[in-house]
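Peer 1: I am attaching a structure below and will ask some questions about it afterwards.
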Amino acid sequence: AQDAGFENISIDLIYGTPTLSDENWKQNLHTAFDLKVTHISSYCLTVEEKTALHKFVQTGKVKNVDEEKSATQFEILLEAMQKNNFVQYEISNFCTNNFYSKHNSNYWLKNKYLGIGPSAHSYNEVSRQWNIKNNALYIKGLVENKLNFEIETLTPSQNYNEYIMTGLRTMWGISLSHIENVFGKDVLIHCKNEASKYSSSGYIDQKNNCIFLTSKGKLLADKIAADLFFVD
């Protein structure tokens, strides 16, 4: 791709796999750096239900994910990225020279987006809708001048929880001013109270009225986000 003239290239890497040693993981990372790509997405292996891998784990053909090993390889990832001048702008995404993913950043920053085609999703800050998955029925709807889709109107707490879930994963963090202005003082107080439990332990940092995960906190991102969620 580079020989053909493409300069903005992203690659995906997976760590935490049963056969991946720490040394092999380091070699994979150095290979990626040597290729001079501008963007790297790196994900920990997860075993999803109703997949071949899930069946192999259940039957003992493949070992399940080792959480300690995955955490170690995540730390190796962070150290290597920093040494090679990659910015971690989202927990699993790294780039050089501001080559952020424009597509995924829209989701993380809660921007509006329009999805066109079967199973495509759209979001307008108030509701989320998704088109029917079946290609034939989708085309039939177009012929009949109608669109087959489902829609979900988000409650304030759902919108807040999504803001926490996505924003906390990014280097931009979550804005306490935004929470107060959009969701109100009660939600802000809840957020600050829950965040304070992690601040004293070094999992959360605060700067310019925004909350960020520390490197240690990124290992517990889902847990911390869930504790900051607000339930009506």
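The values are calculated or read from the model by the stated rules, or taken from the named source; none is laboratory data. From a predicted model like this one, the values you see are computed outputs, not experimental measurements. Cβ sites come from the backbone with ideal geometry, for glycine too, and all protein chains shown count toward neighbours. Quick note on the areas: whole protein, heavy atoms, side chains included, nothing else; ligands and nucleic acids left out. Shrake-Rupley method; radii C 1.70, N 1.55, O 1.52, S 1.80 Å.
Peer 1: What is the percent carbon and sulfur in the accessible area of the chain, measuring with a 1.4 Å probe over the protein chains and ignoring ligands?
Peer 2: 51
Peer 1: Charges only on Cβ, +1 for Lys and Arg, -1 for Asp and Glu: so what's the dipole of the chain about the Cα centre, in debye to the nearest 20?
Peer 2: Roughly 240 debye for the chain.
Peer 1: By accessible area of protein heavy atoms, probe 1.4 Å, what ranking do Lys218, Lys102, Lys207 get, highest first?
Peer 2: Highest to lowest solvent-accessible surface, that is Lys102, Lys207, Lys218.
Peer 1: Moving to a separate point now. Sort 135-142, 90-97 by packing, meaning the average of other beta carbons within 10 Å per residue, with the highest value first.
Peer 2: The peptides rank, most packed first, as 90-97, 135-142.
Peer 1: Still on this structure: Lysines near Lys185 by alpha-carbon distance under 28 Å, same-chain residues fewer than 8 away left out - which ones?
Peer 2: Partners within reach: Lys110, Lys112, Lys197, Lys207, Lys218, Lys223.
Peer 1: Another question, if that's okay. So how much slack lies between Glu79 and Val47, counting 0.36 nm per residue of separation and subtracting their Cα-Cα distance, in nm?
Peer 2: Residue separation times 0.36 nm, minus the Cα-Cα distance, leaves 9.0 nm.
Peer 1: Please give the FRET efficiency for Leu154 paired with Val65, using the beta carbon to beta carbon distance and R0 = 25 Å, rounded to the nearest 0.05.
Peer 2: Computed FRET efficiency for Leu154 and Val65 comes out at 0.20.
Peer 1: Moving on to the next point. From the list (i) 0.95; (ii) 1.01; (iii) 0.93, can you say which value of Rg/Rh (Cα atoms, Kirkwood Rh) was derived from the structure given?
Peer 2: Evaluating Rg/Rh (Cα atoms, Kirkwood Rh) on these atoms matches (ii).
Peer 1: I'd like the Karplus ³J(HN,Hα) series for region 96-111: coefficients 6.51, -1.76, 1.60, θ = phi - 60°, whole numbers in Hz, and an x wherever there's a Gly or Pro.
Peer 2: So the Karplus estimates, Gly and Pro as x, are 10, 6, 6, 7, 5, 6, 5, 5, 5, 4, 4, 5, 5, 9, 6, 7 Hz.
Peer 1: Still on this structure: Tell me what the chain gives for mean residue ellipticity at 222 nm when only DSSP H runs of n ≥ 4 count, each as -39,500 (n - 2.57), the sum divided by the residue total, rounded to 500 deg cm²/dmol.
Peer 2: -12500 deg cm²/dmol
Peer 1: Counting only protein chains, not ligands or nucleic acids, how are Glu194, Glu180, Glu48 ordered by accessible area (probe 1.4 Å), most first?
Peer 2: Glu48, Glu180, Glu194
Peer 1: How many nm is it between the label spots at Ile9 and Lys146, if each spot is 7 Å from the Cα in line with the beta carbon?
Peer 2: 4.8
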